[in-house]
Amino acid sequence: ADLARRYAIGCLNDLAVVVAVAPDSYVLTKHPLLQILEHRMEVVSAIRWVHYVIPQSEDTAATAIRAVRPLVFLKGSDWEARGLPRVELDALAEVSAAVEYVPVQPVSSSELLIDYFWRTADSMGRH
C-alpha cells in the first residue's frame with residue numbers, strides 16, 4: 001500500500017503496470033532522502049506485478065500520465081480527502097483515465113525506516 005501511496009501507478013492497455021517514481025526533489029519535501037531515485041526505481045522494479053518503472057520528471061504525475069496514458073490511475077486514499085493536484089486532474093481528463101484510491105496504512109515504510117534509523121542512532125549514542 002505504501003508504494004501506491006508514494007508512486008503513481010497506472011495500467012497500460014490493461015496489460016501492464018507502470019510505476020512512475022517521484023523525483024528526489026519531491027521526496028525531500030516529505031522527509032530526508034533515504035534512497036536516490038535510481039535505487040527507489042530498482043526496489044519498485046523488483047515487485048513481481050510491476051512491468052515498467054519510469055522516473056517521474058516533476059513533483060506531480062501529470063507528465064507521466066500523459067506519457068503512459070493509463071486506463072486506471074491509482075493513488076493512496078490519503079489523496080482522496082485532500083484532492084489531486086489540478087495538473088494531474090487535467091492530465092487524467094485528457095487521457096480519459098479513471099482514478100481509483102487504494103487504502104493506505106497509517107504508517108509508511110519510509111516512516112518506519114526513519115524511526116528505526118533514529119532509534120538505532122540513539123541506542124548507539126550517535127544522535
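Where a number appears in this text, it was derived from the coordinates with a stated rule and is not lab data. Values in this document were obtained by computation on a predicted structure and should not be read as measured data. So basically every Cβ, Gly included, is an ideal-geometry build from the backbone, and we count neighbours across all protein chains shown.
Counting 0.36 nm for each residue step from Ser96 to His39 and taking away their Cα separation leaves a gain of 17.4 nm.
Between Leu71 and Ile114, the contour length at 0.36 nm per residue exceeds the Cα-Cα span by 12.0 nm.
Annotation: peptides 53-62, 30-39, 92-101, 67-76, ranked by per-residue average of other Cβ atoms within 10 Å with the highest first, follow the order 67-76, 53-62, 92-101, 30-39.
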